[in-house]
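Quick notes on the structure that follows.
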Amino acid sequence: MKKKRTKKRLMGEATEGAIRLKDLGLLLRIGPRKHGRKHFELKSSNGHPLNAVSSHDGLAANPLAKDHTDPKGKEELFFFSEPGSGDSTLSITVVGASGDLAKKKIFPALFALYYEDFLPKNFIVYGHARTKLTDEELRDTVSRTLTCRIDKRVIRATNCRENCENKMEEFLKRCFYHSGQYNSEEDFEELDKKLKEKEAGKLAHRLFYLSIPPNLFVDVVKCASLKASSESGWTRVIVEKPFGRDSESSGELTRSLKQYLAEDQIFRIDHYLGKELVENLSVLRFSNLVFEPLWSRNYIRNVQLIFSEDFGTEGRGGYFDNYGIIRDIMQNHLLQILALFAMETPVSLDAEDVRNEKVKVLRSMRPLQLEDVVVGQYKGHSKGSKLYPAYTDDPTVPNGSLTPTFAAAALFIDNARWDGVPFLMKAGKALHTRRAEIRVQFRHVPGNLYKRNFGTDLDKATNELVLRVQPDEAVYLKINNKVPGLGMRLDRSDLNLLYRARYTREIPDAYERLLLDAVEGERRLFIRSDELDAAWSLFTPLLKELEDKKIGPELYPYGSRGPVGAHYLAAKYNVRWGDLGSED
């Protein structure tokens with residue numbers, strides 16, 4: 001009885017320093033850092049602590065996993081971080097550890113989580129790749145990418161650099177390497193032996209991160225499932241995009257993965273969903289009374305989702321040419337943001353409730369028509385003494401390639417909330433600036449008393465809400481304001497929340513949030529298979545038509561604002577791109 005009472009207290013009792021967020025279904029308990037992870041508890045909206053994991057996770061498809069249900073059929077919860085919980089381990093295997101993504105993003109994100117005490121006490125990281133490396137060679141490679149960037153200000157203020165170096169050394173001691181083929185069951189069996197040796201008979205949870213080309217996914221999942229699954233805890237697999245090239249290949253990949261894994265073991269990662277401003281989108285909408293009543297066709301004239309990079313493919317052309325900008329950016333990053341923006345209020349913040357609403361949005365969308373799409377490709381351009389190459393100048397790109405490096409599209413959601421509102425997307429490489437943002441343009445004020453002050457250009461009088469995802473994260477609202485003075489001159493001003501000015505703490509990388517969620521079993525920011533099917537059903541007919549008809553992309557100079565056709569597309573729906581103003 002005492003044991004049950006203790007467990008109940010750990011799971012539900014609010015202690016000093018706790019912040020209870022009833023409306024969000026969350027309980028956040030924060031203690032001093034010196035006590036580490038054991039004083040941090042985050043409860044999800046379904047009532048389970050996020051630092052507890054269900055033993056049902058993955059048991060359905062993993063023949064090696066043992067049953068951990070009690071006689072009454074209730075799920076047993078494993079706690080990583082409560083006092084005295086030294087009986088479980090976490091093994092993270094980065095498959096493709098010698099690649100750029102692993103070195104530049106995954107290992108630094110894992111170290112950041114460790115530095116902030118977000119990882120359990122007993123964890124190890126294994127790198128797995130075909131490259132022959134020793135443990136020390138892996139550690140040397142990884143060490144060059146690690147920084148204590150989250151606490152830069154603390155380091156400057158308190159001279160804690162020694163603590164940072166100690167943390168790095170401790171983290172690197174937990175990193176190991178296993179060389180092997182991706183399709184070799186024998187090599188994964190050898191990896192399993194190494195993992196078991198480190199796990200030392202404790203309750204073992206295993207997370208595999210597939211940082212490899214998609215044609216290797218199934219081979220790795222098969223070998224890992226059959227030979228390197230946990231025999232006592234859960235086994236989860238993070239899969240990087242692209243998830244196929246169209247509906248058919250995506251469906252085949254899903255079916256192949258599900259031969260060896262249950263759906264709740266598959267974590268399809270889209271790192272844009274882990275970005276701070278994308279996370280803040282639902283908070284801004286659902287926890288501020290001023291916005292939710294405006295979030296419909298009655299007040300919103302159009303929504304723009306804009307992604308631009310100021311560099312080209314630069315050596316990655318061979319990979320990019322197989323996919324193009326529509327598959328690489330629009331079908332996943334921008335469409336996922338659109339679904340989050342447009343969804344109805346979910347029943348709760350539980351992963352399934354949120355993803356159910358996103359799927360409803362995707363299924364309500366009108367199939368894309370060729371006349372509502374513009375594609376482009378950057379050409380060579382000289383500026384002063386500097387010469388910028390064309391996309392087809394990249395030696396890894398086939399001659400005469402028609403793959404678009406730019407695309408703009410008008411999408412529509414056929415439901416009561418959004419009927420008739422154009423959602424304009426554009427994404428491109430080698431443009432004039434680097435940015436990712438959501439722009440919400442509101443309708444004109446009916447019978448505006450001050451319209452003569454704006455002349456014939458009523459767009460200057462339009463209120464606009466902007467969420468800048470990158471760079472320099474910000475939320476700002478454009479309003480009309482009187483310029484001080486005796487005359488009546490109006491000005492367009494910004495109510496601005498600039499994150500770096502408001503929040504001193506550096507924003508964590510998206511991979512940190514998503515890796516932590518995968519460890520905790522929180523699936524809200526990962527893509528479910530029916531979401532994926534609905535997303536591909538929107539774009540597959542368009543992609544097929546573009547390729548079958550060999551539609552030539554409109555050329556635009558490297559470093560420009562993109563093809564002229566994008567402006568005509570916006571004008572077709574009486575819209576002006578919001579990123580064209582001088583203040584933007």
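The values are calculated or read from the model by the stated rules, or taken from the named source; none is laboratory data. Owing to the predicted nature of the structure, the values given are computational and were not obtained by experimental measurement. All Cβ positions, even for glycine, are placed from backbone atoms using ideal geometry, and neighbour counts span all protein chains on display. The accessibility values were calculated without ligands, DNA or RNA, using every heavy atom of the protein model including side chains. Shrake-Rupley method; radii C 1.70, N 1.55, O 1.52, S 1.80 Å.
How charged is the neighbourhood of residue 483? Take every other residue with its Cβ under 13 Å from the Cβ of residue 483, and add Lys/Arg as +1 and Asp/Glu as -1. Mind dumping the intermediate values first?
Values: positive: 482, 489, 492; negative: 491.
Overall, the nearby charge balance is +2.
By how many nm would the segment from residue 198 to residue 416 lengthen if fully extended, with 0.36 nm per residue of separation less the alpha-carbon distance? It would help to have the intermediate numbers written out before the result.
Values: separation 218, 0.36 × 218 = 78.48 nm, distance 5.59 nm.
Extra length from residue 198 to residue 416 when fully extended: 72.9 nm.
If you stretched the chain out fully between residue 169 and residue 370, how much longer would it get, using 0.36 nm times the residue separation minus the C-alpha to C-alpha distance? Walk me through the intermediate numbers first.
Values: separation 201, 0.36 × 201 = 72.36 nm, distance 5.49 nm.
Taking residue 169 through residue 370 to full extension adds about 66.9 nm, to one decimal.
When all protein chains stay in place, what accessible area (Å², nearest 10, 1.4 Å probe) is found for residue 549?
120 Å²
Counting other C-beta atoms within 10 Å, and keeping those with at most 14, which DSSP coil GluC sites (Glu not before Pro) do you find in the range 331-440? List each step's numbers first, then the result.
On the way: sites: 344, 352, 357, 371, 437; in loops: 344.
When the GluC sites (Glu not before Pro) of the range 331-440 are filtered for loop state and at most 14 Cβ neighbours within 10 Å, 344 remain.
Once the piece of chain linking residue 219 and residue 259 is laid out straight, how much longer is it, given 0.36 nm per residue of separation minus the C-alpha distance between them? If you can, show how the numbers build up before the last one.
On the way: separation 40, 0.36 × 40 = 14.40 nm, distance 1.16 nm.
The span from residue 219 to residue 259 would gain 13.2 nm if fully extended.
Restricting attention to the range 513-584, which chymotrypsin sites (Phe, Trp or Tyr not before Pro) occupy a DSSP loop and are surrounded by at most 16 other Cβ atoms within 10 Å?
Values: sites: 526, 536, 539, 558, 568, 573, 577; in loops: 558, 573, 577.
Answer in residue order: 573.
Could you check the spin-label model distance between residue 571 and residue 530? Points 7 Å from the Cα along Cα→Cβ, value in nm.
4.3 nm
Peptides 331-341, 212-222: what's the order by average Cβ count within 10 Å, highest mean first? Don't jump to the answer; show the numbers that get you there.
On the way: 331-341: 23.3, 212-222: 17.8.
Going by the mean number of other Cβ atoms within 10 Å, highest first, we get 331-341, 212-222.
Using the Cα centre of the range 178-221 as the reference point, and only Cβ charges (+1 on K/R, -1 on D/E), how large is the resulting charge dipole? Debye, rounded to the nearest 20. Walk me through the numbers on the way to the answer.
Details: 6 positive and 9 negative charges, 67 e Å.
Value, rounded to 20: 320 debye.
If you take the square roots of the eigenvalues of the alpha-carbon gyration tensor of the range 479-543 and sort them as a ≥ b ≥ c, do you get rounded (a/c under 1.5), prolate (a/b over b/c) or oblate? All intermediate terms of the calculation are to be shown ahead of the outcome.
On the way: a/c = 5.10, a/b = 1.74, b/c = 2.94.
Oblate shape, in that a/c is at least 1.5 and b/c is the bigger or equal ratio.
On a 1.4 Å probe surface of the protein chains, which of 493, 225 comes out largest in accessible area, and what is the full order?
Working: 493 30, 225 5 Å².
So the residues, ranked largest to smallest area, are 493, 225.
How high is the relative contact order of the range 169-270? Use alpha-carbon pairs under 8 Å, at least six apart in sequence, and give a whole percent.
Details: 110 pairs, mean separation 28.8, N = 102.
Reported as a whole number, the value is 28 percent.
Tell me whether the range 228-289 comes out rounded, prolate or oblate; compute the Cα gyration tensor, take square roots of the eigenvalues as a ≥ b ≥ c, and use a/c under 1.5 as the rounded threshold.
Working: a/c = 2.99, a/b = 1.61, b/c = 1.86.
Cα axes put the range 228-289 in the oblate bin.
Please work out the FRET efficiency for the pair residue 189 and residue 498, using the Cβ-Cβ distance as r and a Förster radius of 56 Å; give the result to the nearest 0.05.
Values: r = 53 Å, r/R0 = 0.94.
Once rounded, the FRET efficiency stands at 0.60.
So if I place +1 on the C-beta of Lys and Arg and -1 on the C-beta of Asp and Glu, and nothing else carries charge, what would the dipole magnitude of the range 491-584 be about its Cα centre? I want it in debye, nearest 20.
Details: 14 positive and 18 negative charges, 53 e Å.
Its charge dipole is roughly 260 debye.
How much net charge surrounds residue 517 when only the other residues with a Cβ under 10 Å from the Cβ of residue 517 are counted, with Lys and Arg +1 and Asp and Glu -1?
On the way: positive: 513, 523, 524; negative: 512, 520, 522.
Summing Lys and Arg as +1 and Asp and Glu as -1 gives 0.
Express in whole angstrom the spacing between the alpha-carbon centres of the range 540-557 and the range 274-314.
That distance is 28 Å.
Please work out whether the range 165-290 counts as rounded, prolate or oblate from its C-alpha gyration tensor, where a ≥ b ≥ c are the square roots of the eigenvalues and a/c under 1.5 means rounded, while otherwise a/b larger than b/c means prolate and anything else oblate?
Details: a/c = 2.12, a/b = 1.29, b/c = 1.64.
Oblate is the answer for the range 165-290, as a/c is 1.5 or above yet b/c matches or exceeds a/b.
Cβ under 12 Å from residue 530's Cβ, residue 530 left aside: what net charge do those residues give with Lys, Arg +1 and Asp, Glu -1?
Values: positive: 268, 355, 358, 360, 363, 528; negative: 263, 352, 531, 533.
My count for the surroundings of residue 530 gives +2.
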